[in-house]
Every structure is written in C-alpha cells, then in structure tokens.
C-alpha cells in the first residue's frame, strides 16, 4: 500500500493546471629583468577583524552590546582583507536588538575606513560570505526575530569607490538555481550528490520502496534507512526512470514564469512529454510558529517538485534549511 507522508501541495496545484598578455621578454641580450613586486604577506583574519573593531568603536562605541557578527575577506581585490560587521541596534535600555546595521570597513594604509552608510543595503541583512571579491548577504523577514527566515539573496561587489548590488534572487529563484546541480546528479546517476542532499536516517515509511531489498533492510533496522543502506540500494530509492523524471522536471522548469498566490506560495508548471505536467511549489515559512523543534533547524521554505499524469503522480519534498535544500520525502498517488 502506498503511503503519503504529508499533503502534496504540488499535486493539488498540478491537478488544477495540468511552469596578461604574457609579459614581454627582455629586448636586449644582457638586459637586467626587473623582479616582480613581492606579494603582500597574508594577513591574520583575527588581527584584521580586531583592527576593524577598533575603528568601528570610534563610530559606534558599544556596537557589541546587542550582538554582532563579522566576515573577513578581500572585497576590493587589492590583496588586503576587508571586514563586514553586522551588529544589533536598539534603545539604550534594550536587551535585544530591534534592528541590524551593516558596516563595511576597507583596509587602507591609514587604517580601516568605513564605507558611507548610504551605500549599505536598505533591508535587514544577514552575512553569508565574502568570496572572489563579492559580499554575499541574505535578507530576513523580521529584523528583531530570534529565529528569522530568509526571503531574498543578494551579492554586492566593489565598483572602484564603494560596494554596489550586483545580483539579487528571490527565494523561489534561489530554489530553482540550487535544484540545477541536483537535476544534473539525477541525470548522471551521481548518488553522492543526491545522498548528500538527504539527512539520515530516513523514515522508510516516507519513501515508496515497497517490496524492495531496501525495504527489507530498513525493516530489520527498525524502519530506518541509513546512508550505507541508501547507497547500497540506491536504485530502490531512485530507479532510473524516477531519476530521469526528476532530472527532466528540474530542467524543464528552469526559466519558467513563477506565480505567487495570496498565501505567499510560489508555483511554476511545465508541460512535459507524453501528457506529463511538471511542477514546482515553494511555500515560504512552513513552520510559522518557529518552534525550536525540527532539530533546532530554521526552515525557510518547503519545496514540492514532481509530475502529474492523469489522476496519478509523484513529487519530491524538499526543505530549504538555512540556505541548503534537503530532500526529506517522496509522495506518490494513483
């Protein structure tokens, strides 16, 4: 008997709509080549951060009071690390931050220099990383929340004078982008990438592995599927036709229009082959009470990806957990 872990948002939606140049050599014999400039000695990130903190205290003497975080990395690609500091702000008697303030301090010969506050994002950001000269941030929904949820993703980069926004993705756009490597892994039968996107142990009852060797192994293990079992019996979880189905769905949905309904859920659908309709539903903030269950994870969105054909279909259920997509279940019907 097939079992459905949770109501399939996707199946309901699909049923309704079935989206240097090389350096020149010395010109003359005997010419003395000019040695290249010595590379700057690598800076110690901790010392770089402490220098930035000292400079920031001249602007905001008690920036640490309501909590802070920082990233160290070379934003302007001059060979010297810079520092982005995010700290809480509030009234003088506040014990929790009501808002967050971002300050970016560039390393200069005279010491760290803060960029103008007018150049900083006008939303409530959280720090992600500094990589290849770019500052990665995400926007949160409630600035004062103890467990905020991500809503949008941004990349800022140096323009010669300050940092400017270079990229922006909404959550559904980020989900689609993050699904692409998973789709490629399904297509290539790359079990490592697929299994890395799962959190073990799995509940066998949440997976259509009826009458398979994996089901037998899981029953012997108390109904749990560990990674070793999943790797050994991978094709019981994702037989070739199912893997190809998800690879096709992910590929076909890329670039399709995204529609958001009154509940805040975003969906897309795409007509596939042989009467199949592929679909995606992204439901933000699925655990609205933000209880510290879910193994203390912050779940930003639930994602349903799959297909419908006639009265039947199946979909893969994923959760966006602190910026990472995790496969948690599979629903089947018909």
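The set of residues in the range 67-113 being touching a helix residue (DSSP H, G or I) at 6+ places or on another chain (Cβ under 6 Å) and either at pLDDT below 95 or closer than 16 Å to residue 159 by Cα (or both) consists of 105 alone. What are the pairs, 6+ residues apart or on separate chains, where a residue within the range 48-64 that is in the same structural domain as residue 88 (by TED's automatic domain parsing) has its Cβ under 6 Å from a residue that is assigned to a helix (DSSP H, G or I)? Pairs that qualify, where the first residue is in the same structural domain as residue 88 (by TED's automatic domain parsing) and the partner is assigned to a helix (DSSP H, G or I), are 63/56. Could you please find all residues in the range 181-206 being more than 28 Å from residue 269 (Cα to Cα) and assigned to a strand (DSSP E or B)? Scanning the range 181-206 gives 202, 203. Can you find a residue that is more than 30 Å from residue 177 (Cβ to Cβ), outside any loop (DSSP other than H, G, I, E, B), modelled with pLDDT of 95 or more and touching a helix residue (DSSP H, G or I) at 6+ places or on another chain (Cβ under 7 Å) anywhere in the range 234-241? Checked against the condition, which is being more than 30 Å from residue 177 (Cβ to Cβ), outside any loop (DSSP other than H, G, I, E, B), modelled with pLDDT of 95 or more and touching a helix residue (DSSP H, G or I) at 6+ places or on another chain (Cβ under 7 Å), the range 234-241 yields no hits at all.
Of the conditions (1) in a strand (DSSP E or B); (2) surrounded by fewer than 18 Cβ atoms within 10 Å (Cβ to Cβ); (3) in contact with a helix residue (DSSP H, G or I) (Cβ under 8 Å, 6 or more places away or on another chain), residue 231 satisfies every one except a single condition; which number is it? Against the list (1) in a strand (DSSP E or B); (2) surrounded by fewer than 18 Cβ atoms within 10 Å (Cβ to Cβ); (3) in contact with a helix residue (DSSP H, G or I) (Cβ under 8 Å, 6 or more places away or on another chain), residue 231 comes up short only on (1). In the range 126-161, the residue that is nearest to residue 86 (Cα to Cα) out of those that are surrounded by fewer than 16 Cβ atoms within 10 Å (Cβ to Cβ), modelled with pLDDT under 95 and over 18 Å from the mean Cα position of the chain (by Cα) is 144. Of the strands (runs of 3 or more DSSP E) entirely within the range 263-332, those holding at least 2 residues that are within 18 Å of residue 141 (Cα to Cα), at pLDDT below 95 and in the same structural domain as residue 193 (by TED's automatic domain parsing) occupy 277-284, 299-309, 312-321.
The values are calculated or read from the model by the stated rules, or taken from the named source; none is laboratory data. Bear in mind the structure is a predicted one, so any value in this text is a computation, not a measurement. A quick note on method: Cβ atoms are made from the backbone with ideal geometry, for glycine too, and the neighbour counts reach across all protein chains shown.
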